[in-house]
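Visitor: Questions regarding the structure given below will be posed in turn.
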Amino acid sequence: MTTGSPPTTAASAVSDDPATDQPSNQTSTENSRVKLKLEDLNWDHSFVRELPGDSLTDITSREVLHACYSRVSPSAEVENPQLVVWSESVADILDLDPKEFGRSDFPYLFSGASSLKGGLSYAQCYGGHQFGVWADQLGDGRAITLGEILNSKSERWELQLKGAGKTPYSRFADGLAVLRSSIREFLCSEAMHSLGIPTTRALSLVTTGKLVSRDMFYDGNPKDEPGAIVCRVAQSFLRFGSFQIHAKRGKEDLEIVKTLADYTIKHHFPHLESMNKSDTLSFSTGDGNSDVVDLTSNKYAAWLVEVAERTASLIAKWQGVGFTHGVLNTDNMSVLGLTIDYGPFGFLDAFDPSFTPNTTDLPGRRYCFAEQPDIGSWNIGQFGLALSTAQLINKQELNYALERYGSKFMDEYQAIMTKKVGLPRYNKELIGELLNNMAVDKVDYTNFFRLLSNIKSDSDVPDKELLVPLKAALLDIGRERKEAWTSWVKRYRAELSSSGISDEERKVSMNSVNPRYILRNYLCQSAIDMAEQGDYEEVRRLLKVMERPFDDQPGMERYARLPPAWAYRPGVCMLSCSS
């Protein structure tokens, strides 16, 4: 089973050309693109070519100085590797012929046991703040980039094997990954993409045929688990910490911050290289004087603002679907505004703003669902400080980037929540009361918003029947809570009536932004349990369901059910940072 064509949602099912049912020229062009064999991929290794590298070649855990990367080859032990699951939509991005997944040597190539023709592998050097504390050098401790590919659209894509063996950044770890965490990363990468959320992607997942010892709960009870490797794909895996590490090392490395910034802008933000005064990227400092800073005179400041806005938009989208990352350290923040590094993530089941899927985060809940927007701002501040230390931006420009983060987040979040409730404009009081009611009654986040589209604006519905469309989500609530919900629904229906939008039109619109299916942790665990016994069909089936999260899929209703009792045990709903 394959993932098939790119996902189609209610929002994207309309033809590119509204005047015809025929495919647009763009679609025809997409379908006519040449599909390549692995040997024919167009490699272009700009990262290694243009940035300073490690002068040493051994993989001994050590401090790597004055370098953005270390050349290293995959070294995970492999014995009869098996292809578990793959993504044809990611293959399409790379112009890769889907028939290549059927090659007998594919599992060897994408476990690193055999080398891809034209590849040039390395591990990236970066640092980061972990739980608010500077952790110094971190780096790719178990991820090895195979190189960069240019596709037929001239897009640059990096291929990276996660769990491929030791690198100089592995510290005391073994550089390996296990099947359970690899399944979670593969599925969530593709599920988030189908939800319309910027993310790294996943091309393939293979088992290594070897066992890996892991102490999941850090309680002194390790166990052997099946090893696995995911091939991750992104236009760049650069992180905030990629810049922080050099800024923190002082004067000798500050030039590397500028070199890396220039590289990033050149390849991933090229529009900032050609700014001119007509772009009017300027702002008032807002500090009580009339000074105006012109961003067109400093591409680094304009870049920081764009990174801030992309990050704000990303986190607003997370909040909209109830996604909690779990480990928002600065080394897990993409400069492209992508969701990156799927560890102990989780989607909300019962709505709880303090929810964290990370056992390590339980004491302070620094990275819980409600704190994600503020943590995003804090992380942008740390990234901006790195650029400021290298004298690429000034204090006013950093402050403005933080302002833009806050404004962008609120604009995006309010727009998302307005669409989720099907109203033409944001109603702070109504949405605030709704979220409060949901938190009090621990209402399932995903199912509630999906059911909300069934509310009718018809004023003739008697009070005792107002909650009928929401019955499946409002479980076990007493009379007092029913009255609170009835009161809210009355106000909501009044808003609907005054909107002028028909119930049918609103339902279609709401169902295009409120998913029917999300990758609940217990669904992952069910697929993992089967895969650890050698049965990969549930992983593939779950991927297929998550490719069309907004569509009602007959026969797949079980994937939208509330978690069963066993789903609340540690290791399912709560995970550690351990792989």
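The values are calculated or read from the model by the stated rules, or taken from the named source; none is laboratory data. Everything numeric in this text was worked out from a predicted model, so none of it was measured. As a convention, Cβ positions derive from the backbone with ideal geometry for all residues, glycine included, and neighbour counts pool all protein chains shown.
Visitor: Taking the stretch 145-178 as the search range and keeping residues that are in contact with a Gly (Cβ under 7 Å, 6 or more places away or on another chain) and among the aliphatic types (A, V, I, L, M), which one is surrounded by the fewest Cβ atoms within 10 Å (Cβ to Cβ)?
Guide: ALA173
Visitor: Please work out which residue is nearest to PHE323 (Cα to Cα), limiting yourself to the stretch 455-477 and to residues that are surrounded by 14 or more Cβ atoms within 10 Å (Cβ to Cβ) and not aliphatic (A, V, I, L, M).
Guide: Filtering first and then ranking leaves PRO469.
Visitor: Next question. Being within 17 Å of GLU158 (Cα to Cα), in a loop (DSSP other than H, G, I, E, B) and in contact with a Lys or Arg (Cβ under 8 Å, 6 or more places away or on another chain) is the filter here; which residues of the stretch 73-104 pass it? Give the steps one after another, and end with the answer.
Guide: First, the residues of the stretch 73-104 that are within 17 Å of GLU158 (Cα to Cα): 73-74, 86-96.
Going one step further and asking which of them are in a loop (DSSP other than H, G, I, E, B), we end up with 73-74, 87, 94-95.
Within the stretch 73-104, SER87, ASP95 meet the criteria.
Visitor: Hey, another quick one. Take the conditions among the polar types (S, T, N, Q), surrounded by fewer than 16 Cβ atoms within 10 Å (Cβ to Cβ) and either touching a residue at least 60 places away in the same chain (Cβ under 8 Å) or at positive phi (or both) and apply them to GLN382. Does it pass? Can you show your working first?
Guide: Details: among the polar types (S, T, N, Q): yes; surrounded by fewer than 16 Cβ atoms within 10 Å (Cβ to Cβ): no; either touching a residue at least 60 places away in the same chain (Cβ under 8 Å) or at positive phi (or both): yes.
Here the answer is no, as GLN382 does not meet what is asked.
Visitor: Just name the residue that is farthest from VAL508 (Cα to Cα) out of those in the stretch 408-427 that are of a type in the set (Ser, Thr, Tyr) and without any contact (Cβ under 8 Å) to a residue 60 or more places away in the chain. Outline the logic, then answer.
Guide: The initial filter retains those residues of the stretch 408-427 that are of a type in the set (Ser, Thr, Tyr), namely 413, 418, 426.
Now narrow it down to the ones that are without any contact (Cβ under 8 Å) to a residue 60 or more places away in the chain: 418, 426.
On the way: THR418: 14, TYR426: 19 Å.
So, considering only residues that are of a type in the set (Ser, Thr, Tyr) and without any contact (Cβ under 8 Å) to a residue 60 or more places away in the chain, the one farthest from VAL508 (Cα to Cα) is TYR426.
Visitor: Separate question: Scanning for something assigned to a loop (DSSP other than H, G, I, E, B) and in contact with a strand residue (DSSP E or B) (Cβ under 6 Å, 6 or more places away or on another chain), does the stretch 214-224 turn up at least one residue?
Guide: Narrowing the stretch 214-224 to residues assigned to a loop (DSSP other than H, G, I, E, B): 215-222.
Cutting the leftovers down to in contact with a strand residue (DSSP E or B) (Cβ under 6 Å, 6 or more places away or on another chain) gives us 222.
Scanning the stretch 214-224, I find at least one residue that is assigned to a loop (DSSP other than H, G, I, E, B) and in contact with a strand residue (DSSP E or B) (Cβ under 6 Å, 6 or more places away or on another chain), so the answer is yes.
Visitor: Among (1) under 26 Å from SER576 (Cα atoms); (2) buried (at least 23 other Cβ atoms within 10 Å of the Cβ); (3) in contact with a strand residue (DSSP E or B) (Cβ under 9 Å, 6 or more places away or on another chain), there is one condition LEU295 misses while meeting the rest; what is its number?
Guide: Condition (1) is where LEU295 drops out.
Visitor: Here's a check for you: in the stretch 529-566, which residue that is touching a Ser or Thr at 6+ places or on another chain (Cβ under 9 Å) and outside any loop (DSSP other than H, G, I, E, B) is surrounded by the most Cβ atoms within 10 Å (Cβ to Cβ)?
Guide: Only one residue tops the list, namely LEU543.
Visitor: When you go through (1) buried (at least 24 other Cβ atoms within 10 Å of the Cβ); (2) under 28 Å from ARG49 (Cα atoms); (3) touching a helix residue (DSSP H, G or I) at 6+ places or on another chain (Cβ under 8 Å) one by one for SER194, which number turns out not to apply?
Guide: (2) is the only condition that SER194 fails.
Visitor: So which pairs qualify, if the first residue must be in the stretch 522-548 and more than 15 Å from ARG558 (Cβ to Cβ), the second must be crowded, with 16+ Cβ neighbours inside 10 Å and modelled with pLDDT under 95, the Cβ gap must be under 8 Å, and the two must be at least 6 apart or on different chains?
Guide: Pairs that qualify, where the first residue is more than 15 Å from ARG558 (Cβ to Cβ) and the partner is crowded, with 16+ Cβ neighbours inside 10 Å and modelled with pLDDT under 95, are LEU543/THR3; GLU547/THR3; GLU547/PRO7; ARG548/PRO7; ARG548/THR9.
Visitor: Name the residues in the stretch 54-105 that are among the basic types (Lys, Arg) and under 27 Å from ASN42 (Cβ atoms), would you?
Guide: Going residue by residue through the stretch 54-105, those that are among the basic types (Lys, Arg) are 62, 71, 99, 103.
ARG71, LYS99, ARG103, listed by residue number.
Visitor: Same structure, new question: If you take the residues in the stretch 469-485 that are assigned to a loop (DSSP other than H, G, I, E, B) and without any contact (Cβ under 8 Å) to a residue 24 or more places away in the chain, which one is nearest to ASN511 (Cα to Cα)? Reasoning before the result, please.
Guide: To start, the set of residues in the stretch 469-485 that are assigned to a loop (DSSP other than H, G, I, E, B) comprises 471-478.
Checking the rest, the ones that are also without any contact (Cβ under 8 Å) to a residue 24 or more places away in the chain come to 471, 475-476, 478.
Details: LYS471: 18, LEU475: 22, ASP476: 26, GLY478: 29 Å.
In this case the residue turns out to be LYS471.
Visitor: Moving on to the next point. Go through the stretch 357-387 residue by residue and tally those that are within 19 Å of LYS317 (Cβ to Cβ) and part of a loop (DSSP other than H, G, I, E, B).
Guide: So the count comes out to 3.
Visitor: What are the pairs, 6+ residues apart or on separate chains, where a residue within the stretch 550-579 that is on the phi < 0 side of the Ramachandran plot has its Cβ under 8 Å from a residue that is among the hydroxyl-bearing types (Ser, Thr, Tyr) and at pLDDT below 90?
Guide: As it stands, the answer is PHE550/THR9; ASP551/THR8; ASP551/THR9; SER576/TYR218; SER578/TYR218, since those pairs meet every condition given.
Visitor: Same structure, new question: Which condition from (1) at pLDDT 95 or above; (2) surrounded by 18 or more Cβ atoms within 10 Å (Cβ to Cβ); (3) over 29 Å from MET417 (Cβ atoms) is the one that PRO270 breaks?
Guide: All conditions are met except number (2).
Visitor: Follow-up question, since we're still on this one. Do the conditions hold for LYS299, that is, is it more than 22 Å from VAL133 (Cβ to Cβ), of a type outside the set (Gly, Ala, Ser) and modelled with pLDDT of 95 or more?
Guide: Taking the combined requirement at face value, the residue satisfies it.
Visitor: Also, quick follow-up: For the stretch 501-519, enumerate the residues that are touching a Ser or Thr at 6+ places or on another chain (Cβ under 9 Å) and not aliphatic (A, V, I, L, M).
Guide: Across the stretch 501-519, the qualifying residues are SER502, ASP503, ARG506, LYS507, SER509, ASN511, SER512, ASN514, PRO515, ARG516, TYR517.
Visitor: Answer with yes or no whether LEU161 is in a strand (DSSP E or B) and either touching a Phe, Trp or Tyr at 6+ places or on another chain (Cβ under 7 Å) or at pLDDT 95 or above (or both). Spell out the reasoning first.
Guide: Details: in a strand (DSSP E or B): yes; either touching a Phe, Trp or Tyr at 6+ places or on another chain (Cβ under 7 Å) or at pLDDT 95 or above (or both): yes.
Judged against the criteria, LEU161 is a match.
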